[in-house]
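Laboratory data are not the source of any read-out in this text; all were calculated from the coordinates shown. Being a predicted model, the structure only gives us computed values, none of them experimental. Here the Cβ positions follow ideal geometry from the backbone for every residue, glycine too, while neighbour counts run over all protein chains shown.
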Amino acid sequence: MTHDDLTTTLGNIPLFASLNVDELQVIAHATHHHRLRRGEILFQKGDPALGFYYLIDGQVKLALLAPDGHEKVIQLIEPGMTFGEAVMFIERPFPAYAEALRASQLLFIPRTPLIEALDGNPGFALKLLAGLSTRLHSMVNEIEALSTRNATQRVIGFLLADHGLDDPDTLSLPASKALIASRLNLTPETFSRVLHDLQERQLIEVDGRTIRLLDRDTLLGQEEPG
């Protein structure tokens, strides 16, 4: 990837929308382009967070291993998403590991040029704070959902979420059922059972990894705890 390509790609990241070309070029000079094979580890839990990442294409999971050896998926990273900003600024190590679920391209943006950009651009600082605040709000909502919703409500919430598709009533599962189940703090067996039950009730139709919502209104009514 050329320097001009890097500058253009950085300019398309919402976080950098308030930066001018000169500021983007400074960051581009320090930015590294990475390619990962499927199954390759980007960083391990405990590695120093010296910057953050932007996923150009592919898919990455952030996960932890529980003491019993079971994996807990924290987040599935899709193209256009950034990750690692929060721990970078507090100079703490990564709290989870990152693994490519398929061949992926990423940018690594180091901390130092970002700090320099923050010093001279209040708009950038506000944009960054807004992004981190949005992510914190999303995490609080997720913790609430996992704490107060049963298995069926969690699965329905996932199915009704905005997946950025042209047809919101038809979605292709973005990862394996086991990974999605872990993301929802469910066993794969429970996730599959809930899908089967919803299909038996003619609320959804399952065809492999493609799921069609047949009765959105009824699903909406059953998403929240009663």
Item to complete: Quickly run through segment 34-52 and pick out the residues that are over 19 Å from the mean Cα position of the chain (by Cα) and touching a residue at least 60 places away in the same chain (Cβ under 8 Å).
Response: Leu50
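Quick check on Pro168: is it farther than 20 Å from Gly80 by Cβ and not aliphatic (A, V, I, L, M)?
Taking the combined requirement at face value, the residue does not satisfy it.
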Item to complete: Considering every residue within segment 208-217, establish whether at least one is surrounded by 14 or more Cβ atoms within 10 Å (Cβ to Cβ) and in contact (Cβ under 8 Å) with a residue 60 or more places away in the chain.
Response: no
Worksheet item: Only one of these conditions is not met by Gly58: (1) in contact with a Pro (Cβ under 8 Å, 6 or more places away or on another chain); (2) within 23 Å of Arg111 (Cβ to Cβ). Which number is it?
Response: (2)
Worksheet item: Would you say Ile180 is part of a helix (DSSP H, G or I), buried (at least 17 other Cβ atoms within 10 Å of the Cβ) and within 13 Å of the chain's Cα centre (by Cα)?
Response: yes
Practice prompt. Search segment 1-26 for residues being outside any loop (DSSP other than H, G, I, E, B) and free of Cβ contacts under 8 Å to residues at least 12 places away in the same chain, and hand back the single one that is nearest to Ile115 (Cα to Cα).
Written response: Asp22
Discussion item. Quick test for you: out of Glu116, Glu85, pick the one residue that is among the charged types (D, E, K, R) and in contact with a strand residue (DSSP E or B) (Cβ under 6 Å, 6 or more places away or on another chain).
Written reply: Glu85
